[in-house]
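Visitor: After the C-alpha cells below, expect a handful of questions from me.
Computed from the coordinates by the stated procedures, all read-outs in this text should not be read as laboratory data. No experiment lies behind these values; they were computed from the predicted model shown. Using ideal geometry, Cβ is built from the backbone for each residue, glycine included, and neighbour counts are taken over all protein chains shown.
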Amino acid sequence: MEFNDFGLAEPIMKALASKNYVTPTPIQQKAIPALLEGKDLCGIAQTGTGKTAAFALPSLDYFARNPKVTPLKGCRMLVLAPTRELAAQIAQSFRDYGRFLKLSVETVFGGVPINKQIRVLAGGVDIVVATPGRLLDLIDQRALTIKDTEIFVLDEADQMMDMGFIQPLKRVAKMLPRERQNLFFSATMPKEIEALAAQFLNDPVKVSVAPQSTTAERVRQRAIFVNQAEKQALLHLMLKSEEIDRALIFTRTKHGADRVVRFLEGAGIDAFAIHGNKSQGQRTTALQAFRQGKVKLLVATDIAARGIDVSGVSHVINFEIPNVAEQYVHRIGRTARAGAEGIAISFVADDERPFLKAIEKTTRVKLEIETLPENFMEAVRNMPKPAAPKKGPSQSPQQQARRADGQRKYQDGQKQSRGTPDRAHRPDSEGGEKRPFRRRRSGGPVGAHKSAVQRTGAPRV
Ligand code: AMP
C-alpha cells in the first residue's frame with residue numbers, strides 16, 4: 001500500500017513527496033481510510049508509530065475539500081496533547097503536511113505570554129494544538145471558543161490521566177459541539193482510559209498497532225545494580241566507555257535531573273536538562289540543541305520527555321528507573337525509532353529492584369544484568385565534584401549553548417526565560433522532589449497540583 005492509494009488531496013500529496021514519505025505506517029494504513037470517511041477513531045499507538053500523520057493527513061484532506069471561513073475566536077480543529085513539547089511537535093507536523101494549503105495552525109500552551117495567544121486567536125485559527133491548562137485559561141478569558149470544532153483529537157490520553165488532566169478534559173468535552181469527528185489516541189488502554197474514551201467517541205473504529213513490547217524487542221535492554229550514591233560515577237564511566245551518538249538520561253524528579261547536569265558539568269561534559277521547572281524558552285532551546293546534535297546528552301524527567309521525537313538517540317540511560325512500568329516502555333521507546341536499534345541501560349539501586357521486577361513483568365523481557373565495570377571503585381574514588389548550583393538566568397541552557405559555540409542565536413530563548421522567573425517555584429505536574437511519581441486513578445490531581453488546579457481548573461505542563 002502507498003499514500004497514492006488513499007486519494008488524498010493534491011497539496012497534501014505534494015507535501016508528502018517533499019518529505020519522501022511513500023509507504024504509510026501500519027497505523028496510517030488502518031486509520032486514514034476510516035478517518036477519510038468521517039468516522040470516529042480510537043487508536044492504541046505510541047509515538048514513533050506515525051500516529052501524528054495518521055490523524056493530521058485525513059484532517060487536512062477534509063479542510064482542503066471543505067474550505068470555510070474560520071470562526072472568530074474559534075477553531076475548526078482542536079488537538080489536545082499532554083505536554084508543550086508534544087503540542088509543538090504536532091503543530092509542526094500540521095505545518096509540514098499542510099504547507100501547500102492555506103490553513104492557520106497555532107499552539108496554545110503555558111509558559112509563554114498569554115496576550116500574544118489572545119491576539120492570534122482573535123481572528124480565529126483553523127487548527128489549534130493545545131495543552132489543557134492554557135486552553136481552559138483562554139476559554140475562561142473568552143479569548144477562544146471551541147463550540148465550532150469540527151475535528152477533535154485527544155492525543156496520549158494515558159499520559160493526560162497520569163498528569164491529572166481528567167477534570168479539565170471533562171470540561172472540554174462539555175464545551176465541544178455535538179456534531180464533530182473525534183479521534184482518541186493512547187499508548188495503553190486500561191479501564192479508566194476506556195471510560196474516558198467513551199465520553200468522547202461515537203461508535204469509533206478501533207485501531208491498535210505495535211503492542212508495547214515490539215519497541216522493546218528492538219532495544220537491547222541492560223541493567224546494572226549500583227548504590228544510589230554511586231550512580232554518578234557509573235554514569236561517568238558509561239559515558240566514557242559506550243559509543244554514544246545521542247543519549248537521553250532519565251531521572252524521576254526535576255531536582256534529580258538538575259543534579260545530574262551539575263555533576264556532568266563538573267566532569268566537563270556538556271548536557272542540558274529538560275523538565276517542568278525550566279521555562280519554555282529553555283526547554284525549546286535544549287531540545288533544539290539536542291536535536292541538532294550540538295549537545296549529545298539530554299537529562300529529562302518522564303513528563304518533559306514524553307512524546308519527544310528525536311531521531312538518532314542511540315542510548316536511553318535510566319539513571320533512576322521509573323516506578324510505573326509503562327513509563328519505562330515510553331522511555332526506551334525514545335531510542336530504536338524508525339527501525340533502528342537502540343540501547344537502554346538502567347541503573348538499579350536496591351530500593352528500585354521491585355520496580356525492575358514490575359517492568360520485566362509488563363514488558364515480558366528479562367533485562368541483561370551486567371556487573372559493575374572493573375575500574376568502577378577507582379571511578380567512585382575519583383568522582384568529579386559537581387558544579388555549584390547556579391542561580392537565575394546564568395544557568396539557562398541558552399547561556400551554556402552560547403558559551404559552547406560562541407554564537408548569538410540563542411538570544412530569543414533567553415529573553416523568554418527571563419520573562420518567566422516565577423516558574424522556578426511554580427507547582428507543576430511533575431511531582432515534587434520527595435513525592436514518588438504516582439499514577440492517579442480517580443481523576444483529581446493530588447499534592448503539588450492542587451494550587452494550579454484551584455486557580456485554573458487544570459495543572460500546567
Ligand atoms: P509520530 O509517531 O507521529 O511521532 O511519528 C514518528 C516519526 O515518523 C516522525 O518523525 C514522522 O515524521 C515519521 N513518519 C511518520 N509517518 C511516516 C511515513 N509514512 N514514512 C516515513 N516517516 C514517517
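Visitor: Segment 219-381: D in µm²/s via Stokes-Einstein (Kirkwood Rh, Cα pairs, 10 °C, 1.306 mPa s)?
Guide: Numbers: Rh = 15.7 Å.
D, rounded to a whole number, is 101 µm²/s.
Visitor: If you average the C-alpha positions of segment 159-203 and of segment 248-272 separately, how far apart do those two centres end up, in angstrom?
Guide: 35
Visitor: Between Lys191 and Val69, what length in nm is gained on full extension when 0.36 nm per residue of separation is reduced by their alpha carbon distance? Walk me through the intermediate numbers first.
Guide: On the way: separation 122, 0.36 × 122 = 43.92 nm, distance 3.97 nm.
Additional length available on full extension: 40.0 nm.
Visitor: Contact order normalised by length for segment 219-381, with contacts defined as Cα pairs under 8 Å and 6 or more residues apart; what percent is it?
Guide: Details: 285 pairs, mean separation 59.0, N = 163.
The value is 36 percent.
Visitor: Is the C-alpha gyration tensor of segment 1-128 telling us rounded, prolate or oblate? Criteria: a/c under 1.5 is rounded; beyond that, a/b larger than b/c is prolate, otherwise oblate.
Guide: Numbers: a/c = 1.90, a/b = 1.49, b/c = 1.28.
In terms of gyration-tensor shape, prolate.
Visitor: Please give, to one decimal in nm, the separation of the simple spin-label points placed at Asn115 and Leu176, each 7 Å out from Cα toward the Cβ.
Guide: 3.3
Visitor: Expressed as a whole number of Å, what is the distance separating the alpha-carbon centroids of segment 325-380 and segment 303-324?
Guide: Segment 303-324 and segment 325-380 have Cα centres separated by 11 Å.
Visitor: Tell me, what is a quarter of the convex hull surface for the C-alpha atoms of segment 313-371, in nm² with one decimal?
Guide: Details: hull surface 16.1 nm².
With the hull built on Cα positions only, its mean projection is 4.0 nm².
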